[in-house]
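Contents: one structure, followed by commentary.
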Amino acid sequence: MRLLSFHTGDDTPRVGALTELGIADLTTLLPPHTGRSPMRTLIATTDRTQLADAITTAPLLDPTAVTLLPPVPDPSKIIAAPVNYVDHQQEMSQPVHIGSLGVFLKAPSSLTAHGGTVRLPYHDRRFDQEGELAVVIGSTASHVPEERALEHVFGYTCLLDMTMRGGEDRSTRKSFDTFTPCGPHIVTPDEAGPVEELELRCWVNGQPRQHALLADLIWNVPKLIAYISSVMRLEQGDLIATGTPAGVGQVHDGDTISVEITRIGRLEITVTTHGALPSPTLGANRGPTPPATLTPIS
Ligand code: MN
């Protein structure tokens, strides 16, 4: 199943499934007024069999007539993996990887949809793209062993972990509004297949920048879920950004960034510096040194 969040012009979030005939609108089948987005309500209240039945009877919408939202517009948190590929560790000249660093948080308010615009806030700082696979959590997970971790996965989607380089805390450098493009839709595990078989590619203005096998994650998805759930309770709709491979590089005003993952989809956004200001913080020449030139991809 491919599930998406969207609105039809009135900014009211809706949830649907992508079918060959159009978008099956599942919104009215859900309990109203839950205080959460329809996608989070669907994840929390609907099992796979109910969902498959609902899709066959739901009203159909024209996909060209809707505006996409981030697949989960309101996760309780976005947890992200720093340095989770060896080739990215090397290009950043990092002595340690996730095994020493643990994880960090990105503000949920940084989410933006497929087709959206990433706004670079400062004109005197470097900003890079990081293409990543994101995991969408399907059920509350606390202290989950690796062997049972995949039971808590609702699905997978594409994500860009946009990053300001420098010495500020990661939560600052990666949480500017629009700095977490996500989507276009969530693919359930039955359709995504084993993560180890997936490949990620990222382009800037059509030029290839990143190419990785998800099998090359230093901490794979079960290990990430087991570890993160030992630190903080995972809730339905929470997102885990699994980390970026080699090939990060600077992005500029007018650039188009695309991330594609086998069987998951293709996420595309544009970049603008409209309204950019001088940086109020002084971390430009501190922190890990990013690659001066683009790292050739395999
Ligand atoms: Mn990242």
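I need the full set of residues from the range 257-274 which are within 20 Å of LEU111 (Cα to Cα), open to solvent by 60 Å² or more (accessible area, probe 1.4 Å) and assigned to a loop (DSSP other than H, G, I, E, B), in order please.
HIS274
Every residue, every condition in (1) within 16 Å of the ligand (Cβ to nearest atom); (2) of a type in the set (Asp, Glu); (3) closer than 22 Å to MET164 by Cβ; (4) more than 23 Å from the chain's Cα centre (by Cα), yes or no:
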| residue | (1), (2), (3), (4) |
| --- | --- |
| ARG40 | no, no, no, no |
| THR46 | no, no, no, no |
| LEU61 | no, no, no, yes |
| PRO71 | no, no, no, no |
| ASP74 | no, yes, no, no |
| HIS88 | yes, no, yes, no |
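Within the range 239-283, track down each residue that is within 16 Å of the ligand (Cβ to nearest atom) and not hydrophobic (A, V, I, L, M, F, W, C). Outline the logic, then answer.
Filtering the range 239-283 down to residues within 16 Å of the ligand (Cβ to nearest atom) leaves 239-251, 257, 259, 261, 267, 269.
If the condition is that a residue be within 16 Å of the ligand (Cβ to nearest atom) and not hydrophobic (A, V, I, L, M, F, W, C), then THR242, GLY243, THR244, PRO245, GLY247, GLY249, GLN250 are the ones that fit.
Only residues that are open to solvent by 50 Å² or more (accessible area, probe 1.4 Å) and touching a strand residue (DSSP E or B) at 6+ places or on another chain (Cβ under 7 Å): list them for the range 202-231, please.
ASN205, PRO208, LEU213
For the range 1-60, give me each residue that is in a loop (DSSP other than H, G, I, E, B), more than 23 Å from PRO75 (Cβ to Cβ) and touching a residue at least 24 places away in the same chain (Cβ under 8 Å).
Just the residues of the range 1-60 that are in a loop (DSSP other than H, G, I, E, B), to begin with: 1, 8-13, 20-21, 26, 30-37, 46-47, 58-59.
Retained after the next criterion (residues that are more than 23 Å from PRO75 (Cβ to Cβ)): 9, 20-21, 58-59.
Correct list: GLY9, LEU21, ALA58, PRO59.
Give the residues of the range 42-99 that are charged (D, E, K, R) and touching a Pro at 6+ places or on another chain (Cβ under 8 Å), sorted by residue number.
Here is the first cut: in the range 42-99, the ones charged (D, E, K, R) are 47-48, 53, 62, 74, 77, 87, 91.
Residues satisfying the conditions are ASP74, LYS77, ASP87, GLU91.
Would you mention how many residues in the range 288-298 are touching a residue at least 60 places away in the same chain (Cβ under 8 Å) and open to solvent by 50 Å² or more (accessible area, probe 1.4 Å)?
Of the residues in that region, 4 qualify.
Residue by residue, here is whether (1) small (Gly, Ala, Ser); (2) surrounded by 19 or more Cβ atoms within 10 Å (Cβ to Cβ); (3) in contact with an Asp or Glu (Cβ under 9 Å, 6 or more places away or on another chain) holds:
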site	(1), (2), (3)
HIS7	no, no, no
GLY22	yes, no, yes
PRO32	no, no, no
MET39	no, yes, yes
ASP47	no, no, no
THR56	no, no, no
LEU61	no, no, yes
LEU68	no, no, no
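Within the range 232-256, how many residues turn out to be of a type in the set (Gly, Ala, Ser), crowded, with 22+ Cβ neighbours inside 10 Å and not in a strand (DSSP E or B)?
4
Select from the range 110-150 the residues that are aliphatic (A, V, I, L, M) and within 16 Å of the ligand (Cβ to nearest atom) and write down the one among them that is farthest from the chain's Cα centre (by Cα).
Checking each candidate, the answer is VAL118.
Suppose we filter the range 21-38 for residues that are out of contact with any Leu (no Cβ under 7 Å at 6 or more places or on another chain) and at negative phi; how many remain?
8
The values are calculated or read from the model by the stated rules, or taken from the named source; none is laboratory data. All values derive from a computational prediction rather than experimental measurement. Cβ atoms come from the backbone with ideal geometry, glycine included; neighbour counts cover every protein chain shown. The accessibility values were calculated without ligands, DNA or RNA, using every heavy atom of the protein model including side chains. Shrake-Rupley method; radii C 1.70, N 1.55, O 1.52, S 1.80 Å.
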